[in-house]
Amino acid sequence: MTDVQQAYMLGREEVFQYGGVSCHLYMEIEYDSVLDLDKTRKTWDTLFKRHEMLRMYIGKNNKQTIAKYIPYDFIVQEYEVDENNVDNIREQYYQKKYDLKSAPLFDIGVINMKCKSILFLSFDLMIADWRSIWRLIFEFEQIYFHNNTLKEINMKFKDHVRSCHMMKKSFKYFSDKEYWINKIPNLQDAPQLPVKLNNNTEKSGFTHYSFSLDNKVWHKIVAIAKSRGVTSTTVLLAVYSLILRKWSNNKDFTLNLTMLNREYSEYDIDKVVGDFTGITLLDCKDDYGLTFFNYAKELQETLIENLEHSAFSGIEVIRAISSGTNTNNIIMPYVFTSGIGFSKDLNYNYVGKMNDKIRSQTPQVFIDCQCMDDKDCLRVFFDVRNGIFDNRIVDDIKDSFLRYLHLLSEDETWDRGAFVSLPEWHINIINSINEVNEKLELKRIDRAIYDSCLQNTDKIALVDDNNTLTYSELLSYANKIKKFVWNNKTKMKVQYWNMHGKVCFSNCSSCWSVNEWFVICSN
């Protein structure tokens, strides 16, 4: 297996934090005519025979095994429903978990309606990546609609796996390993967005969010990016990192990038179906004060440098980080995937059209941001693990992303500070709070907190990662700390507190540090 396939397989296990899900993709292609079921089955049976990874399962010793070809008439299921009942079918496949010990690890279905058909595809991504699935759709249409005979493929996915294993013995691999090992001490954690407490107890699953950007606006952004020497992917990646930084406690962080490119250039490799996914880590620094253009340019330079050392994979980097800590489960759960220019690279003219019912899920991922463009628009998808975030946060991230892209269609935005404004509903709340006509009494802050403790005894006063304290609890703990200090003043060599005295307390951004500060200020 490749490193990524091994990670996918391990991530299915419940023993790993935020595991318990397969790496899965569901998507639909709509056709303006009704598909003939018998012809559709025969076409997919041809592809089933042609691509051995469609017959892959995990055999003994956890090795990929290819099942012998036998006709699978049931490979295409037919459903005749109306628009109102389609969702019932989708729910069966959105997050299907296949048994890796039994092929096939995918489903193909045809939903026939009066004047159109929907071809749906449900795949465990152990057997085919995004590019491979689009290759299958292309070949299906070539046979079904154009009666074309496909040329024999001279390569197999196992050739790619063998190449990956050979790379681990090369000079480049050890050189790239040294690069990453030296870089690890300076790599920051993943973004720390506000998450729900006890978020791992909810049922695993993912919710899909998406938006599209009209090509008129998108092409303006592409043109500006090209004139300034940055790629379209870099622009989207920069926006994604800025949006996450807006909600993240840590402003320097590391993102997880999935790469869809194939490693070497033999012609037939583009025809091979399999999981060629690569992963690299990207360190994103909070270069405060930079313009968006300069921020994007720096990010691009860092990405290029990291990709030049990709022989030592992102999976291996994460393992190396874990081995140097007290935990064996370091995760990088914020993912970015770019399919920009993908349709042009394939140069395929499709008969059908992908709709917006695409769903994906990946173990140990919180947010997977996927971007792709086609002849109609830019599409941005967010597949978000359930139970991690308040829904409003995800909506804010999505809306802020779209709003920032509209700003980038104007050239002058690129020379302004790389700053993400608050969502409108946040601003409205702030304005309403500030619109106070009541004349307030001026107080020392510790006195104001003391009064709040008396007036709001049961209301929440402090929250940190591990604790939640009410105002009455805050006052109670503060009194205990003050009593402890005075009772031990001789031992602690505390003679008196005054405005010129110095008292040390732990500054660790917790409920307890606020308690200590409150005691000190209240003398």
Exercise for the section: Might you let me know whether segment 207-223 holds any residue that is part of a loop (DSSP other than H, G, I, E, B) and either within 28 Å of TYR8 (Cβ to Cβ) or modelled with pLDDT under 95 (or both)? Expected result: no
Exercise for the section: Might you check whether a residue that is at pLDDT 85 or above, surrounded by fewer than 16 Cβ atoms within 10 Å (Cβ to Cβ) and not in a loop (DSSP other than H, G, I, E, B) occurs anywhere in segment 457-465? Expected result: yes
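Let's see how each residue does on (1) within 30 Å of SER227 (Cα to Cα); (2) of a type outside the set (Val, Ile, Thr):
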position: TYR404; (1), (2): yes, yes
position: GLU410; (1), (2): yes, yes
position: THR413; (1), (2): yes, no
position: ILE429; (1), (2): no, no
position: SER432; (1), (2): no, yes
position: GLU435; (1), (2): no, yes
position: ILE449; (1), (2): no, no
position: CYS453; (1), (2): no, yes
position: ILE460; (1), (2): no, no
Exercise for the section: Report yes if some residue within segment 224-235 is crowded, with 16+ Cβ neighbours inside 10 Å, modelled with pLDDT of 95 or more and part of a loop (DSSP other than H, G, I, E, B); otherwise report no. Expected result: yes
Practice task
Considering only residues that are over 18 Å from VAL230 (Cα atoms) and in contact (Cβ under 8 Å) with a residue 60 or more places away in the chain, look in segment 284-313 and name the one that is nearest to the chain's Cα centre (by Cα).
Solution key: SER313
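Would you tally the residues in segment 65-87 being outside any loop (DSSP other than H, G, I, E, B) and more than 27 Å from the chain's Cα centre (by Cα)? Walk me through how you get there before you give the answer.
The initial filter retains those residues of segment 65-87 that are outside any loop (DSSP other than H, G, I, E, B), namely 65-66, 73-80, 83-87.
Imposing the further condition that a residue be more than 27 Å from the chain's Cα centre (by Cα) reduces the set to 65-66, 73-80, 83-86.
Final tally of qualifying residues: 14.
Name the residue, out of ILE108, ILE29, ILE66, that is surrounded by 12 or more Cβ atoms within 10 Å (Cβ to Cβ), without any contact (Cβ under 8 Å) to a residue 24 or more places away in the chain and in contact with a helix residue (DSSP H, G or I) (Cβ under 9 Å, 6 or more places away or on another chain). Spell out how you get there, then give the answer.
Working: ILE108 fails: without any contact (Cβ under 8 Å) to a residue 24 or more places away in the chain; ILE29 fails: without any contact (Cβ under 8 Å) to a residue 24 or more places away in the chain.
It is ILE66.
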Practice task
Starting from segment 203-222, keep only residues that are assigned by TED's automatic domain parsing to the domain that holds LEU407, then list their pairs with residues that are surrounded by 15 or more Cβ atoms within 10 Å (Cβ to Cβ) and among the hydroxyl-bearing types (Ser, Thr, Tyr) whose Cβ atoms are within a distance under 6 Å, requiring at least 6 positions of separation or different chains.
Solution key: VAL217/SER409; LYS220/SER409; ILE221/SER409; VAL222/SER232
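Consider segment 388-437. How many of its residues are among the acidic types (Asp, Glu) and touching a Leu at 6+ places or on another chain (Cβ under 7 Å)?
Kept after step one, since they are among the acidic types (Asp, Glu), are these residues of segment 388-437: 390, 395-396, 399, 410-412, 415, 424, 435.
Narrowing further to those that are touching a Leu at 6+ places or on another chain (Cβ under 7 Å): none.
Residues flagged as among the acidic types (Asp, Glu) and touching a Leu at 6+ places or on another chain (Cβ under 7 Å) within segment 388-437 amount to 0.
Does LEU35 qualify as being within 23 Å of ARG131 (Cβ to Cβ) and either over 28 Å from the mean Cα position of the chain (by Cα) or assigned to a loop (DSSP other than H, G, I, E, B) (or both)?
Numbers: within 23 Å of ARG131 (Cβ to Cβ): no; either over 28 Å from the mean Cα position of the chain (by Cα) or assigned to a loop (DSSP other than H, G, I, E, B) (or both): yes.
Judged against the criteria, LEU35 is not a match.
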Problem - Matching residues in segment 420-451 - criterion: being surrounded by 12 or more Cβ atoms within 10 Å (Cβ to Cβ) and part of a loop (DSSP other than H, G, I, E, B) - result: VAL420, SER421, LEU422, PRO423
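The values are calculated or read from the model by the stated rules, or taken from the named source; none is laboratory data. Given the structure is predicted, the values throughout are model-derived calculations rather than measurements. Every residue, glycine among them, receives a Cβ derived from its backbone with ideal geometry; neighbour counts consider all protein chains shown.
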